[in-house]
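Comments concern the structure below.
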Amino acid sequence: MTGIEFYNQVLSSPKYRKEYEQNTYFNMQMQYLRQKEHITKATLLSSIIYLSRGIQEAESRMIEMNDMEAGL
């Protein structure tokens, strides 16, 4: 499957279309995958890892900001 085919298939789902529109990390990964000539398991796994790390870092920053606001 090509990146464009994968991109179109994933975003044909309303659930993932909404995620694509609201989640910057998911959007960036979908743009990255869209440019690939061929989607492999390795490509998907590395993309999932990158996405997970980005979301985890954003969550950590939010927790840190909340702690600072609470004076912790």
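The values are calculated or read from the model by the stated rules, or taken from the named source; none is laboratory data. Note that the coordinates shown come from a computational prediction; the quantities given were computed from them, not determined experimentally. Note that we place each Cβ from the backbone using ideal geometry, even for glycine, and neighbour counts take in every protein chain shown.
Return the residue satisfying two criteria in turn: it lies in the stretch 46-72 and is closer than 20 Å to Glu5 by Cβ and in contact with a Phe, Trp or Tyr (Cβ under 8 Å, 6 or more places away or on another chain), and of such residues it is modelled with the highest pLDDT.
Out of the qualifying residues, it is Ser47.
I need every pair where a residue in the stretch 1-24 that is closer than 14 Å to Gln35 by Cβ and hydroxyl-bearing (Ser, Thr, Tyr) has its Cβ under 8 Å from the Cβ of a residue that is surrounded by 11 or more Cβ atoms within 10 Å (Cβ to Cβ) and at pLDDT 90 or above, sequence separation at least 6 or different chains.
If the second residue must be surrounded by 11 or more Cβ atoms within 10 Å (Cβ to Cβ) and at pLDDT 90 or above, the pairs left are Thr2/Lys36; Thr2/Ile39; Tyr7/Met30; Tyr7/Leu33; Tyr7/Arg34.
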